[in-house]
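Notes for the one structure printed next.
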């Protein structure tokens, strides 16, 4: 990370406590930033985020959407993230030996209609093998469909999380069969999405949802996945779906990185 700061001449910058502002303000007439330099920066961030920095996951998802035509405001957001990385350059994933059995635990969340251009929602999930972290898998992703309600957005995000949970279960079964003796526990903060996942009937509010997302119900009925309610204040995956406050980032820091 120090090499990235040096490359973009931010080694001596003033640190920031958050990876992003709550909202990136930009106008269509803003002058273009250096597109090549912008893409180089985002590419460097993606490598760091994929390997060791789940706390910048949402910010990278946002910035990467403007690689084809970055504006001045987007470059300022890149510099803001560099300032945050300067202040947290020592942050990293830390895996420790535990006495308890390993159990796959996941969190799923969505930010409804947050992308103003097409009103697509942002999905986010993260998984850990212990109740205290750190994470072993995380993702922030723009949904392909436009959700008509927060319940639908959360349901689609839950489908992504269940997919990842099933994949991790299969992967861990080849490493240690003891890790997969229990079903995957996924926490969700939307009661409507949980009810929709357990409801086997097609209703007015759900009959238009793509059938591929309904495989959640099959995994629930097969006992491979358990979905439980989690209050929004305790939702770790919130970090993957929106620009969070400093309080929430500090609160989940130990679970994210260990």
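Averaging over every viewing direction, what projected area does the convex hull of the Cα atoms of region 217-258 cover, in nm²?
Averaging across all directions leaves 4.1 nm² for the Cα convex hull.
Once the Cα gyration tensor of region 43-194 is diagonalised, what are the square roots of 5 times its eigenvalues, in whole Å and ordered largest first, as equivalent ellipsoid semi-axes?
Working: eigenvalues 166, 100, 27 Å².
The answer is 29, 22, 12 Å, longest axis first.
Hey, with R₀ at 22 Å, roughly what FRET efficiency would residue 229 and residue 100 work out to, going by the Cβ-Cβ distance, to 0.05? Given R0 = 22 Å and the Cβ-Cβ separation, E is 0.40. Relative to the longest principal axis of the Cα atoms of the chain, the long axis of helix 150-173 makes an angle of roughly 80 degrees. Relative to the current alpha-carbon distance between residue 211 and residue 48, full extension at 0.36 nm per residue lengthens the span by 55.2 nm. Taking the Cα atoms only, what angle lies between the long axis of helix 72-87 and the longest principal axis of the chain, rounded to 10 degrees? Relative to the chain, helix 72-87 is tipped by roughly 80 degrees.
What are the semi-axes of the equivalent ellipsoid for region 2-87, taken as the square roots of 5 times the Cα gyration tensor eigenvalues, largest first, in whole Å? Show your work: numbers first, answer last.
Details: eigenvalues 73, 37, 35 Å².
Three semi-axes, in Å: 19, 14, 13.
Calculate for the chain the 222 nm mean residue ellipticity that helices alone would give, adding -39,500 (n - 2.57) per DSSP H run of length 4 or more and normalising by residue count, nearest 500 deg cm²/dmol. When only DSSP H runs of four or more count, the value is -11500 deg cm²/dmol. The mean sequence distance of close C-alpha pairs (under 8 Å, at least 6 residues apart), as a share of the length of region 2-87, puts its relative contact order at 54 percent.
Stokes-Einstein diffusion coefficient for region 45-91 at 4 °C in a medium of 1.567 mPa s, Rh from the Kirkwood formula over Cα pairs: what value in µm²/s? In µm²/s, the coefficient rounds to 117.
If the chain between residue 218 and residue 115 were fully stretched, how many nm would it gain, using 0.36 nm times the residue separation less the Cα-Cα distance? Residue separation times 0.36 nm, minus the Cα-Cα distance, leaves 34.0 nm. Based on Cα contacts under 8 Å between residues 6+ apart, region 105-257 shows a relative contact order of 30 percent.
Helix 35-51 axis versus longest C-alpha principal axis of the chain: approximately 40°, rounded to the nearest ten.
The equivalent ellipsoid that matches the C-alpha gyration tensor of region 105-257 spans semi-axes of 23, 21, 12 angstrom, in descending order. DSSP finds beta bridges in the chain, and of those with both partners inside it, around 60 percent are antiparallel.
Coordinate-derived values only; no laboratory data. Worth saying up front: this structure is predicted, and the values here are computed from it rather than measured. Neighbour counts are summed over all protein chains in view; Cβ atoms, including those assigned to glycine, are modelled from backbone coordinates with ideal geometry.
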